[in-house]
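So the structure is just underneath, and the comments pick up after that.
What follows draws every value from the coordinates through simple rules; no lab data is involved. For clarity, every value in this text was computed on a predicted model and none was experimentally measured. Because the Cβ atoms are built from the backbone with ideal geometry, glycine has one as well, and the counts that use them run over all protein chains shown.
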There are 2 protein chains.
Amino acid sequence: MTSSYVETPQTVRLALAGCGVVGGGLVRLLHESAPAIAARFGIRFDLTSVLVRDVNRERNLPLEARLFTNSLDGFLAHDADVVVEAVGGEEPARTIASDALRRGKKVITANKGLVASHGDSLSALASANGTGLDFGAAVGGSAPVISTLRDLVGASTPLSVRGILNGTSNYVISLLERGVSLETAIASARERGLSEADCSRDLDGRDAADKLAIIAWIAFGTQPTGLHIRRTPLVPGLERLVRIAATDGARVRFIAECAQLPGCRVAAAVEPVIVASRSAFGRTTLEENRVEVDLGWASPLSVSGPGAGGRPTAAALLSDLLRVSPPPNDRGAGATRFLSATTDPREHRWLVAAAIDSASLNGAAADVGLRSERFIGDYLDAAVITAPAPWNSVERLIVALELANARPCVARYENSNEGEVLQ
Amino acid sequence: MTSSYVETPQTVRLALAGCGVVGGGLVRLLHESAPAIAARFGIRFDLTSVLVRDVNRERNLPLEARLFTNSLDGFLAHDADVVVEAVGGEEPARTIASDALRRGKKVITANKGLVASHGDSLSALASANGTGLDFGAAVGGSAPVISTLRDLVGASTPLSVRGILNGTSNYVISLLERGVSLETAIASARERGLSEADCSRDLDGRDAADKLAIIAWIAFGTQPTGLHIRRTPLVPGLERLVRIAATDGARVRFIAECAQLPGCRVAAAVEPVIVASRSAFGRTTLEENRVEVDLGWASPLSVSGPGAGGRPTAAALLSDLLRVSPPPNDRGAGATRFLSATTDPREHRWLVAAAIDSASLNGAAADVGLRSERFIGDYLDAAVITAPAPWNSVERLIVALELANARPCVARYENSNEGEVLQ
């Protein structure tokens with residue numbers, strides 16, 4: 001219905017500061033996703049300038065060499081609709097963001113330190129210049145923490161927001177739980193691209209504290225630089241805590257929390273917490289992030305997803321890019337790309353119950369070419385778990401059992417041990 | 001930093017069609033949240049007209065009687081910036097939405113049937129008239145399913161989206177698992193306001209199928225009316241399935257799923273699935289909704305929250321209202337309302353480990369006024385779990401143990417059985 005988009009996509013000029021893991025990941029993602037973005041949003045992102053330290057470095061990116069510059073002044077003077085800040089750290093990130101906002105450009109960043117330290121002044125600068133600052137990629141990795149909190153603000157002030165906000169430390173803890181040493185776990189996090197050479201900010205909670213300051217700002221309006229955060233580092237002591245928790249049937253999780261106190265005050269902490277192994281946080285393993293927002297409802301509102309690494313962060317930056325780009329009202333309503341399939345060829349295990357004995361049920365299954373893996377119950381109340389088969393085989397069994405007046409009922413069967421470990 | 005908002009809030013004129021559980025809930029929420037919305041968004045929602053069947057019915061709402069009308073024509077002719085459609089069903093919901101969009105008004109709805117049946121044509125109408133249609137409240141209850149999917153579209157096409165999309169049926173299943181009869185469970189859902197008098201659309205999967213059609217539309221661009229959904233009703237057979245699953249250490253969940261097939265085709269199903277009790281879906285109980293988006297990343301992106309009832313739906317409508325209202329770039333960056341507390345008076349259990357025996361640890365704890373509840377380990381490697389106490393008591397213990405060279409480490413302790421049941 002919006003196929004005209006494909007013919008005349010609107011161009012959004014993009015300047016990118018920084019081309020490391022995050023910036024380079026965004027370049028790749030923009031390149032791969034260009035056809036889909038044009039088809040569904042009517043937008044073409046045109047990368048017009050990329051600020052890097054070394055313009056001669058080989059980066060293996062789908063970009064013309066002439067786009068790279070190492071001149072900050074040249075980069076800032078360059079015209080663009082949106083500036084993506086992906087250099088990280090304090091400077092020149094802050095100069096880039098504030099200069100771009102002053103010139104009326106939109107700024108998108110994944111730099112939690114920058115937002116935690118200067119988010120309120122940068123946001124005020126954006127308002128004053130009629131433009132916007134977005135930082136959804138700064139917190140939660142791929143999990144939509146910031147947008148979820150923003151959507152709630154106004155409707156409901158949370159009682160508390162708590163979460164696993166640092167994928168690297170959660171990955172390290174998960175490996176310790178599997179018997180790996182701290183050194184090896186840290187080396188593994190580095191190898192997997194989850195952590196920089198120095199992961200002290202991950203393990204001492206400063207990274208999570210920056211993110212928590214941003215969360216408290218959005219959720220409660222507390223000034224990020226003014227938030228007092230109690231912070232208990234994971235090391236030394238982590239290996240001991242993991243061992244003690246295990247003997248207690250529990251797990252250590254590095255949880256960041258901000259909570260309402262009486263009198264419009266907010267308490268904030270980043271600290272190890274011993275949680276039940278089966279709790280939602282206990283089951284959050286490896287680099288996954290998870291945030292729970294307690295609104296005093298029947299259950300908390302929660303979001304989770306992979307929280308570290310270039311791809312999720314680049315995807316979160318692209319989400320922000322699409323959110324600030326016109327036309328805002330047509331999102332998701334673009335050209336149809338997928339068609340509905342009338343049959344589903346995928347194979348699953350199925351549980352079929354019927355008011356017959358298991359031998360008869362086995363026979364009926366065999367008649368339609370279904371292999372039985374296991375039976376539950378028997379005389380006049382048997383259930384079979386089939387080998388993986390497509391729905392239409394099972395449908396034939398159901399029809400046959402209905403004709404035989406055996407009152408069948410059916411469910412997909414996913415209670416494999418495999419599923420239990422993975423989920 | 002945006003305190004000027006408080007002085008001159010921008011007025012958004014709102015017309016509300018329908019004033020039942022959802023519409024009435026929104027009226028109450030708008031009333032309660034007005035000061036917060038003015039302070040943080042600089043917006044005042046001005047309810048200018050409310051379409052109802054019976055203008056004389058007592059509703060106990062903070063609204064002037066003159067705002068109510070039972071004239072559809074009068075309501076449609078009324079001027080407003082945004083129309084909230086909360087009448088439900090097919091007509092006059094469709095007329096209200098299409099007429100409002102034709103007049104260039106923004107439309108917000110929680111009506112999944114309307115969006116599943118006419119979402120694509122209404123969305124095209126919105127585009128043609130330079131306005132927007134939003135329906136984040138139609139799927140997922142309070143869980144931000146639609147906005148999460150929209151933010152992903154373009155960046156990544158999911159491999160699959162699967163979820164528990166109907167809070168009423170999940171509530172009924174949860175009660176059956178606790179030994180309640182189907183009749184009693186359904187009556188209980190009605191009493192709690194989770195279900196209408198007739199809950200057949202909840203239990204036969206039509207409600208979830210409508211939501212799944214919307215999800216597949218956003219995620220894959222498949223036309224909602226053209227999506228073939230395999231649908232296996234829960235009844236008859238649900239009680240039998242719940243019983244069989246229990247003997248197998250598993251649970252029944254009513255899962256809606258759409259998944260990519262080769263060749264840009266999409267398979268879709270709403271059906272009972274037997275899942276491991278400890279899996280994320282197995283642990284989704286009562287009226288909670290949960291959606292998992294598989295992007296081929298390390299773990300799925302997932303969102304969950306209470307999925308039925310007036311309050312979550314009203315909050316989701318308000319989220320959409322705030323999203324379509326100006327100024328879009330200042331959200332969450334409003335006036336500071338909460339202050340940071342330098343001390344945290346809340347009491348928690350704490351685990352403190354130290355390189356001393358448990359008797360000495362008990363003594364050290366008693367010296368700072370901490371009560372010990374339980375000990376783990378002993379000689380030169382003891383850990384105590386304290387009775388609930390504020391952080392500053394525990395901090396005193398840590399300092400004392402450090403002075404005694406006992407190498408303490410500390411974690412908050414939440415591994416109570418209570419926590420295990422609740423989380």
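Tell me the net charge near B:Leu241. Cut-off is 14 Å between Cβ atoms, B:Leu241 excluded, with +1 for each Lys or Arg and -1 for each Asp or Glu. Present the calculation step by step, with values, prior to reporting the outcome.
Working: positive: A:Arg407, A:Arg412, B:Arg240, B:Arg243, B:Arg251, B:Arg253; negative: A:Asp381, A:Glu414, B:Glu177, B:Glu239, B:Asp248, B:Glu271.
So the environment of B:Leu241 carries a net charge of 0.
With no solvent and one point per C-alpha, what does the Debye sum give as log10 I(q)/I(0) for the stretch B:227-376 at q = 0.11, 0.12, 0.15, 0.19 Å⁻¹?
Evaluating at q = 0.11, 0.12, 0.15, 0.19 Å⁻¹ gives log10 I(q)/I(0) of -0.85, -0.91, -1.02, -1.23.
Rounded to whole angstrom, how close does the nearest chain A beta-carbon get to the axis mapping A onto B, and which residue is it?
A:Val303, 2
Comparing A:Glu58, A:Glu91, A:Glu373, which has the greatest mean-square fluctuation in the GNM of chain A with Cα pairs linked when under 10 Å apart?
A:Glu373
Would you please report the Å³ per residue occupied by the convex hull of the alpha carbon atoms in the stretch A:333-374? Walk me through the numbers before you get to the answer.
Working: hull volume 5.2 nm³, N = 42.
Output value, Cα hull per residue: 123 Å³.
Relative to the longest principal axis of chain A, what angle (0 to 90°, nearest 10) does the C-alpha long axis of helix A:167-177 take?
50
Filter the trypsin sites (Lys or Arg not before Pro) in the stretch B:138-183 down to the DSSP loop ones having no more than 10 other Cβ atoms within 10 Å, then list what survives. Intermediate results must be reported in sequence, preceding the final value.
Details: sites: B:Arg150, B:Arg162, B:Arg178; in loops: B:Arg178.
Qualifying residues, ordered by number: B:Arg178.
Could you pull the Rg and Dmax for the stretch A:145-306, using just the Cα atoms, both in Å?
When restricted to the Cα atoms of the stretch A:145-306, Rg and Dmax are 15.7, 47 Å.
Just check the protein assembly as shown against the gyration tensor rule for me: Cα atoms, a ≥ b ≥ c as the square roots of the eigenvalues, rounded for a/c under 1.5, and otherwise prolate or oblate depending on whether a/b exceeds b/c.
Values: a/c = 1.38, a/b = 1.06, b/c = 1.31.
Cα axes put the protein assembly as shown in the rounded bin.
Pairs of alpha-carbon atoms within less than 8 angstrom and 6+ residues apart define the contacts here; what relative contact order does chain A have, in percent?
On the way: 809 pairs, mean separation 65.4, N = 423.
Dividing the mean separation by the residue count of chain A yields 15 percent.
Convert 10 °C to kelvin, take the viscosity as 1.306 mPa s, use the Kirkwood radius over C-alpha pairs of chain B as Rh, and evaluate the Stokes-Einstein diffusion coefficient in µm²/s, rounded to a whole number.
64
Distance from a point 7 Å along Cα→Cβ of B:Arg57 to each backbone N in the stretch B:106-138: keep the residues under 13 Å and list them by number.
Of the residues in the stretch B:106-138, none has backbone N under 13 Å from the label point off B:Arg57.
Go through A:Lys105/B:Lys106; A:Lys106/B:Lys106; A:Lys105/B:Lys112; A:Lys112/B:Lys106; B:Lys105/B:Lys211; A:Lys106/A:Lys211 and tell me which ones have a Cα-Cα distance over 30 Å in this structure. Provide the component values of the computation, followed by the final result.
Details: A:Lys105/B:Lys106 27 Å; A:Lys106/B:Lys106 25 Å; A:Lys105/B:Lys112 38 Å; A:Lys112/B:Lys106 34 Å; B:Lys105/B:Lys211 24 Å; A:Lys106/A:Lys211 21 Å.
In this structure, A:Lys105/B:Lys112; A:Lys112/B:Lys106 exceed 30 Å between Cα atoms.
Might you report the magnitude of the Cβ-based charge dipole of the stretch A:349-422 about its Cα centre, with Lys and Arg at +1 and Asp and Glu at -1, to the nearest 20 debye? Before the final figure, lay out each step's value.
On the way: 6 positive and 10 negative charges, 31 e Å.
I would put it at about 160 debye.
Using modelled backbone amide H atoms (1.01 Å from N, in-plane), which distant-in-sequence or interchain residues come within less than 5 Å of B:Ser372's amide H?
B:Ala387
Taking the Cα centre of the protein assembly as shown as the origin and placing charges on Cβ (Lys, Arg +1; Asp, Glu -1), which of A:Ala404, A:Val291, B:Pro236 is farthest toward the positive end of the dipole?
About the Cα centre, the residue reaching furthest to the positive side is A:Val291.
Once the Cβ-Cβ distance between A:Glu32 and B:Leu380 is put in as r, and R0 is 56 Å, what FRET efficiency do you end up with, to the nearest 0.05?
Values: r = 57 Å, r/R0 = 1.01.
Approximately 0.50, to the nearest 0.05.
Taking 0.36 nm per intervening residue step and subtracting the Cα-Cα distance, what contour gain separates B:Cys264 from B:Ser71 on full extension? The partial results should precede the final answer.
Numbers: separation 193, 0.36 × 193 = 69.48 nm, distance 4.64 nm.
Taking 0.36 nm per residue and subtracting the Cα distance, the gain is 64.8 nm.
Classify the stretch B:4-137: rounded, prolate or oblate, from the alpha-carbon gyration tensor (a ≥ b ≥ c, eigenvalue square roots; a/c under 1.5 rounded; otherwise prolate if a/b is larger than b/c)? Could the numbers behind the result be given before it?
Numbers: a/c = 1.74, a/b = 1.20, b/c = 1.44.
Cα axes put the stretch B:4-137 in the oblate bin.
Once you list every other residue whose beta carbon is under 12 Å from the beta carbon of A:Asn362, what net charge do they have if Lys and Arg are +1 and Asp and Glu are -1? Present the calculation step by step, with values, prior to reporting the outcome.
Details: positive: A:Arg371, A:Arg374; negative: A:Asp357, A:Asp367, A:Glu373, A:Asp378.
Once all neighbours under 12 Å are counted, the net charge is -2.
Would you mind listing the distances between the B:Thr95 label point and the same position in each other copy? Use 7 Å along Cα-to-C-beta, nm, one decimal, shortest first.
In ascending order, 6.5 nm.
Quick one: with label points 7 Å out along Cα→Cβ, list the inter-copy distances for B:Gly363 in nm, shortest first?
7.9
Taking the Cα-to-Cβ direction at A:Arg190 and at B:Arg337 and moving 7 Å from each Cα, how far apart do the two end points lie in nm?
My value for the distance between the label points is 4.6 nm.
Against the longest principal axis of chain B, how steep is helix B:93-102, in degrees 0 to 90 to the nearest 10, with axes from Cα atoms?
Taking the Cα atoms of chain B, the angle to B:93-102 is about 80 degrees.
Name the residue from B:Ala250, B:Thr11, B:Ala383 whose Cα lies farthest towards the positive end of the charge dipole of the protein assembly as shown, charges +1 on Cβ of Lys and Arg and -1 on Cβ of Asp and Glu.
Going by the charge dipole, the pick is B:Thr11.
Helix A:182-191 sits at what angle to the longest principal axis of chain A, using alpha carbons and giving 0 to 90 degrees rounded to 10?
Relative to chain A, helix A:182-191 is tipped by roughly 80 degrees.
Take the Cβ-Cβ distance between A:Glu91 and A:Ser181 as r, set R0 to 45 Å, and report the resulting FRET efficiency rounded to the nearest 0.05.
Values: r = 37 Å, r/R0 = 0.82.
Step by step, r from the Cβ atoms, then E = 0.75.
Taking 0.36 nm per residue of separation and subtracting the Cα-Cα distance, what length does fully extending A:Arg371 through A:Arg231 add? List each step's numbers first, then the result.
On the way: separation 140, 0.36 × 140 = 50.40 nm, distance 5.68 nm.
Full extension from A:Arg371 to A:Arg231 adds 44.7 nm.
Using a label point 7 angstrom from Cα along Cα-to-C-beta, what distances in nm, from shortest up, separate B:Val235 from the other copies?
Shortest to longest, the spacings are 5.8 nm.
One quarter of the convex hull surface, Cα atoms only: what value does that give for the stretch A:349-422 in nm²? Walk me through the intermediate numbers first.
Working: hull surface 17.8 nm².
Value for the stretch A:349-422: 4.5 nm².
Just add up the charged neighbours of A:Ser195: K/R +1, D/E -1, any other residue whose Cβ is under 11 Å from the Cβ of A:Ser195. Display every interim value, and only then the final one.
Details: positive: A:Arg190, A:Arg192, A:Arg201; negative: A:Glu191, A:Glu196, A:Asp198, A:Asp202, A:Asp207, A:Glu287.
Net of charged neighbours comes to -3.
About the Cα centre, and with charges only on the beta carbon of Lys, Arg (+1) and Asp, Glu (-1), how big is the dipole of chain B? Nearest 20 debye, please. Display every interim value, and only then the final one.
On the way: 43 positive and 47 negative charges, 113 e Å.
Computed about the Cα centre, the dipole is about 540 debye.
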